[in-house]
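Taken together, the values in this text are just the output of simple stated rules run on the coordinates, not laboratory data. Here the structure is a predicted model, which means the values were calculated and not measured. Every residue, glycine as well, gets a Cβ built from its backbone with ideal geometry; the counts of neighbours run over all protein chains shown.
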Amino acid sequence: MNDAELRVVECFFLSVLFERIDLMQRVKIYGAGSIGNHLAHAARHLGWDVVMCDIDPAALNRTKVDIYPKRYGRWDDGIQLTSYSDVPTGGFDLIIIGTPPNTHMELAMKALKEKPGAMLIEKPLCTPNLAGASEVYELSKSLNIPVFTGYNHVVGHAARFLSELCQPIIATETTTLDVEFREHWGGIFNAHPWLKGPNDTYLGFSDLGGGATGEHSHAINFWQFLSYLIGAGRIVEVQATMNFVYSNEVDYDDLSVMTFKTETGLLGRCVQDVITRPARKFARIQLPDDFIEWHCNAEPELDKVIHSVECQKIQIENFEKTRPIDFICELEHIVSVVNRGNVTSPISLKRGLETMLVVAAAYKSAKSRNTVKIDYTKGFNQDAIW
Ligand SMILES: NC(=O)c1ccc[n+]([C@@H]2O[C@H](COP(=O)([O-])OP(=O)(O)OC[C@H]3O[C@@H](n4cnc5c(N)ncnc54)[C@H](O)[C@@H]3O)[C@@H](O)[C@H]2O)c1
């Protein structure tokens with residue numbers, strides 16, 4: 001891969017001011033849980049019709065009387081709630097899969113066959129055994145349906161600024177990359193008061209896509225995003241150490257410390273955990289003289305980018321945001337990419353699957369206590385990690 005190919009041209013932040021938002025009209029959401037509600041609200045904000053389904057009648061009821069009105073002030077009759085078995089098929093501009101990770105690939109295969117205009121599958125895309133990943137990727141390619149993943153941090157306003165700031169950087173000048181998503185999962189359980197604890201959901205099982213490495217894989221994805229931006233390419237070596245919590249009720253990793261090496265030889269670190277309070281979501285690009293840092297929620301409803309200029313002057317840029325804005329930005333980005341066609345998106349299915357290869361490699365490394373390599377020519381399956 002040459003330098004030009006490594007530094008993929010990212011057109012994803014083109015202005016959506018003049019975007020034909022109305023080109024998307026009908027959206028179907030699988031999963032009336034926490035993310036289903038966030039994305040239903042974002043879609044309604046953009047004026048789209050929303051059908052949301054769930055296999056659990058209690059989740060549908062909770063959406064209408066509890067989650068949605070508490071978060072957004074009132075229930076919205078523009079959202080149609082149905083059981084999984086009654087949900088309409090065909091004619092959707094966007095299908096969103098917001099269910100637990102171990103259900104994503106099966107639902108995605110089914111949804112692709114409906115031939116929607118586009119699809120968004122939540123993170124982590126699949127389980128660490130990568131079951132179904134290659135099949136979904138190949139089918140989406142053969143049907144030419146743009147598919148996105150829920151790594152929304154890389155399409156936020158602060159990330160947009162980062163991408164501009166990183167344009168002049170050359171991979172060989174970058175000395176290291178560091179990303180952390182360290183956040184106690186108490187916040188997740190506060191948002192899901194109906195759950196008794198990690199054992200009541202996929203979160204308590206790494207094999208189902210839970211644990212720190214799967215649940216907070218935003219950090220791996222952000223590391224990859226920065227690596228692409230500076231032209232350092234894909235991660236080809238992973239070394240991981242994890243702390244596993246195991247009992248007859250749960251089996252997950254609560255701390256995942258990873259080092260990565262890329263195609264150009266850049267070495268860096270990534271840490272994810274579900275134990276740190278207060279949370280710290282942070283990224284840093286170290287250059288020979290200068291640095292660039294991204295601080296997510298540095299203050300309530302504020303992201304910051306802090307960078308030095310010519311070794312001395314420190315500049316701080318603030319980006320106001322709210323939780324609803326995160327998801328509105330994400331859907332606006334999807335519209336922008338779909339409208340333009342053939343544009344590389346940092347939340348493309350391919351990028352999300354590259355994150356899954358790193359997740360799978362990290363577990364393999366932590367369990368074998370060896371460095372694990374990734375061979376991207378082998379596709380999105382276990383053969384690619386060795
Ligand atoms: N991008 C983000 O910032 C973000 C935030 C929250 C959650 N997520 C991701 O979204 C996914 C769901 O998380 P959540 O917190 O919303 O979980 P949740 O438990 O609140 O909701 C999931 C819902 O899916 C339903 N469901 C399960 N199988 C289904 C099926 N086959 N068809 C229809 N509904 C089905 C469940 O009954 C449940 O109501 C996870 O992958 C999670 O990591 C992403």
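Taking Cα atoms of segment 109-193, Rg/Rh with Kirkwood Rh, to two decimals? So for segment 109-193, dividing Rg by the Kirkwood Rh gives 1.06. Each Lys or Arg adds one and each Asp or Glu takes one away; over the other residues whose Cβ falls under 13 Å from the Cβ of Asp178, this sums to +3. How big is D, in µm² s⁻¹, for segment 255-317 by Stokes-Einstein at 10 °C and 1.306 mPa s if Rh is the Kirkwood radius over C-alpha pairs? For the chosen part, D equals 117 µm²/s. Where only DSSP H runs of four or more residues are counted, the chain gives -9500 deg cm²/dmol as its mean residue ellipticity at 222 nm, each run worth -39500 (n - 2.57).
For the chain, pairs of C-alpha atoms spaced more than 39 angstrom apart make up 12 percent of the total.
The ranking of Ser256, Ser345 by Cβ neighbour count inside 10 Å, starting from the fewest, reads Ser345, Ser256.
Per-residue extension of 0.36 nm, minus the Cα-Cα distance of Arg280 and Thr172, leaves a gain of 36.1 nm for this segment. Positive contributions from Lys and Arg (+1) and negative ones from Asp and Glu (-1), summed over other residues with Cβ under 11 Å from the Cβ of Met356, come out at +2. Computed from Cα atoms, the angle from the helix 349-368 axis to the main principal axis of the chain rounds to 70 degrees.
Once you charge only the Cβ atoms, +1 for Lys and Arg and -1 for Asp and Glu, what is the size of the charge dipole of segment 152-384 about its Cα centre, to the nearest 20 debye?
It comes to approximately 380 debye.
What is the order of Met356, Met109, fewest Cβ neighbours within 10 Å to most?
If I rank by nearby Cβ atoms, fewest first, I get Met109, Met356.
One chain, two ends: Tyr84 and Leu302. Fully extended at 0.36 nm per residue, the span grows by 74.7 nm beyond their Cα-Cα distance.
In a DSSP loop and with at most 10 other Cβ atoms within 10 Å, the GluC sites (Glu not before Pro) in segment 258-353 are Glu310. Here segment 251-357 was treated as a single set of alpha-carbon atoms; its pair distances binned every 10 Å from 0 give 11, 27, 41, 20, 1 percent.
Between Ala131 and Arg323, the C-beta separation translates, for a Förster distance of 35 Å, into a calculated FRET efficiency of about 0.65.
Taking other C-beta atoms within 10 angstrom as a stand-in for reagent exposure, Thr213, Thr127, Thr175 fall in the order Thr175, Thr127, Thr213, fewest first. For segment 44-89, trypsin sites (Lys or Arg not before Pro) are listed when DSSP marks them as loop and at most 14 other Cβ atoms sit within 10 Å of their Cβ; the list is Arg74.
With R₀ fixed at 22 Å, the C-beta to C-beta distance from Arg369 to His184 puts the FRET efficiency at about 0.20.
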